[in-house]
1. For the protein assembly as shown, build the charge dipole from Cβ charges (+1 Lys, Arg; -1 Asp, Glu) around the Cα centre, then report which of A:Thr336, B:Gly171, A:Ile152 sits farthest towards its positive end.
2. Which ³J(HN,Hα) values in Hz, rounded to whole numbers, follow from the phi angles of the stretch A:28-37 under the Karplus curve 6.51 cos²θ - 1.76 cosθ + 1.60, where θ = phi - 60° and Gly and Pro get x?
3. What FRET efficiency, computed as 1/(1 + (r/R0)^6) with R0 = 25 Å and r the Cβ-Cβ distance, is obtained for A:Phe291 and B:Ser109, rounded to the nearest 0.05?
4. Buried by at least 50 Å² relative to the chain on its own: which residues of the stretch B:256-297 qualify, computing accessible area with a 1.4 Å probe on protein heavy atoms?
5. Given a cut-off of under 8 Å on Cα pairs at least six residues apart, what relative contact order in percent is computed for chain B?
6. How would you classify the stretch B:168-299 from its alpha-carbon gyration tensor, with a ≥ b ≥ c the square roots of the eigenvalues: rounded for a/c under 1.5, else prolate if a/b is greater than b/c, otherwise oblate?
7. Using the crude model of +1 on Lys and Arg Cβ and -1 on Asp and Glu Cβ, and no other charge, please compute the dipole size for the stretch A:168-299 relative to its Cα centre, in debye to 20.
8. With runs of 4+ DSSP H residues as the only contributors, calculate the mean residue ellipticity of chain A at 222 nm using -39,500 (n - 2.57) per run, divided by the residue total and rounded to the nearest 500.
2 protein chains.
Amino acid sequence: MAVNGVGIRDVARLAGVSITTVSHVLNDTPNTRVSAETRARVREAAAQLGYGPNRAARALRTNRSGLIGLLSEEIATTPHAGRIILGAQDAARAHDLTLVIVNAERESSASAHEDYVQTLIDRQVEAVLYATMYHRRISVPANLRRVPAVLIDATDEDGVVPAVVPDEVGGAVTAVTHLVEAGHRRIGFLNNDDDVPATHERLIGYRQVLHRHGIPIDEHLVRQAPSETLPGYALAREMLAGDDRPTALFCYNDRMAMGAYRAAAELGLDIPRDLSIVGFDNQELIAANLFPGLTTVALPHYEMGEWAVETLVRLLGGEAELPHDGPTRLDCPLVTRGSVAAPQPHRKA
Amino acid sequence: MAVNGVGIRDVARLAGVSITTVSHVLNDTPNTRVSAETRARVREAAAQLGYGPNRAARALRTNRSGLIGLLSEEIATTPHAGRIILGAQDAARAHDLTLVIVNAERESSASAHEDYVQTLIDRQVEAVLYATMYHRRISVPANLRRVPAVLIDATDEDGVVPAVVPDEVGGAVTAVTHLVEAGHRRIGFLNNDDDVPATHERLIGYRQVLHRHGIPIDEHLVRQAPSETLPGYALAREMLAGDDRPTALFCYNDRMAMGAYRAAAELGLDIPRDLSIVGFDNQELIAANLFPGLTTVALPHYEMGEWAVETLVRLLGGEAELPHDGPTRLDCPLVTRGSVAAPQPHRKA
DNA sequence: CTGAAAGCGCTTACAG
DNA sequence: CTGAAAGCGCTTACAG
């Protein structure tokens, strides 16, 4: 029996046809001719009985579980994972697939990660999605190569597993362009100091924009520190102390921006009148709760989750191998709040 | 075929027994006598082949899917949901159950919520967990009553579905007691103004502690506003403006506390020297990124998720109906950071 | 102590 | 255009 106790034979009986026909109609089996009238009768009977197929029976017969696994780091710590899950889920539902989620602890060993993947394989998922907490290059667990898989927010060092990541360069370009268009020419960049793709790529974007607008690059305006509130605060204090301070700050992430807010407050600088700030990440909890709200760049977590499932479905459907010219990059849109304004014409040194 | 293509017959063949025996041994079927020697042979064969049962076949045969559904509001917006998921997942895995998650939009209609539940039922879950984003009294979707279910962070208005919620009174008692023990007697309470259980129960806890320590209640020190940063800021400004200002603030949540930090900064009050603050929620992103770190009360999300699954398992196992003397309340522990100190002996008015 | 056999509810070649 | 039948991989009464 399936959902609520009605099976395919009940539908067949009510419609006055064989279960074969019911199956064909309800699954739209290709190359099967069933009269329009019979189809209608079957559908009506199914609807009337509230019939839904028994998934276990179908899975057993077709050898497809209808499950796809999502292995995600630190589900509980950041809302980022939540948005990946949402995107993946919505896409999964559209294909009548069920998402099974497993949490991975970030600092765990390679063998622990193999175990996470194994958990999913034991649950008979048809494919697995592997999401990291922030954009990283990783070497994937060995057993991940033996199932259809897609990486989210991570790229495979060996370039064999398809991957989707944020367009970091583009995001930085968007942020800095926003500042330039507001009239700023002295724009500081509080960068992360980890050797991760975002660090390098956002710097590239920053430079591109300045170059494109003929603004000379002042190396004093680019500094690096761990991407936390406190280091962000310290960096901002330093950078805002000098005579020729920047009129705007582009921050590697919202937490560093939070530190910059504090530095500005201590120096008596009003945001956005005396200082404009743009962050990165769009962590609602921070960005929306600062005064004024932080204008920042959003990471496309939902979209990456969605893209990953769509790609998996194509993979499972045997559609042409994904082109392997590197990972797919998704747009990072600007979220405008209140932290950017035109620079003051006469600001005091 | 099951995982990696090996089925029960392969194990049977290798062990030189029937598949019946393999099944009995691997499932530890009660009341079945199999010689120790045979058992060992079977287990060894299974291990050697890396055998795992085909879950679809088992589900079909036993009419148990091994799936439990979790319907959670706003998975993508707060890390709270993430911790519920984690707790539920760990417990589910311990019982060899797989968790299937569905996101519910918070403001959606009753019929939308029925649809969410239906999605889960269609996926043939054995039971469902229903989690709200914050402690609420709700009227559960009608179809939720037709499956084994447990509420998380919510109570059923009609008291029929088992539920687990945070011990709000206890959490407030812990917070305010911490302040009293640090030496404070004038403790302000920035409360929420929504008519939700937490609002009322945290106030009860606040009063209890003052009463217990013989501290008279000053109604000027209890104010209500929406539980956001800005209203928290405004309330704190008001309360800290007067002559006889409190030396400590207990805030309904971390966001209001964030507002209080800003008010303190504007008034030149150092935290914790001039003003101690305790929050509620333990939202890492806020609490850990404030200066100094915010001492706050944690909500037992992980534990609620865990408890809910354990309860569901007992329900499915037909164990005694849960006692219906209201929802189960779980502890809200204090997380100490740097925002509490003894009050200054001579503070200026 | 062990095994042969039925059957869970579907899908799918195949026959007509 | 429609249906009878096999079979997916297990579990479980039942027989011996």
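1. Working it through, the farthest residue towards the positive pole turns out to be A:Ile152.
2. Result, rounded to whole Hz: 6, 4, x, 6, 10, 9, 10, 4, 4, 5.
3. 0.10
4. B:Met258, B:Leu285, B:Asn289, B:Phe291
5. Values: 665 pairs, mean separation 57.2, N = 349.
16 percent.
6. Numbers: a/c = 1.31, a/b = 1.11, b/c = 1.18.
The shape class here is rounded.
7. On the way: 11 positive and 18 negative charges, 65 e Å.
With Lys and Arg at +1 and Asp and Glu at -1, about 320 debye.
8. Values: 12 runs with 144 residues, N = 349.
-13000 deg cm²/dmol, from helical runs alone.
The values are calculated or read from the model by the stated rules, or taken from the named source; none is laboratory data. Just so you know, these numbers come straight off a predicted model, no measurement behind them. Cβ: placed from backbone, ideal geometry, glycine included. Neighbour counts: every protein chain shown. SASA here: full protein model, heavy atoms, side chains in, ligands and nucleic acids out. Shrake-Rupley method; radii C 1.70, N 1.55, O 1.52, S 1.80 Å.
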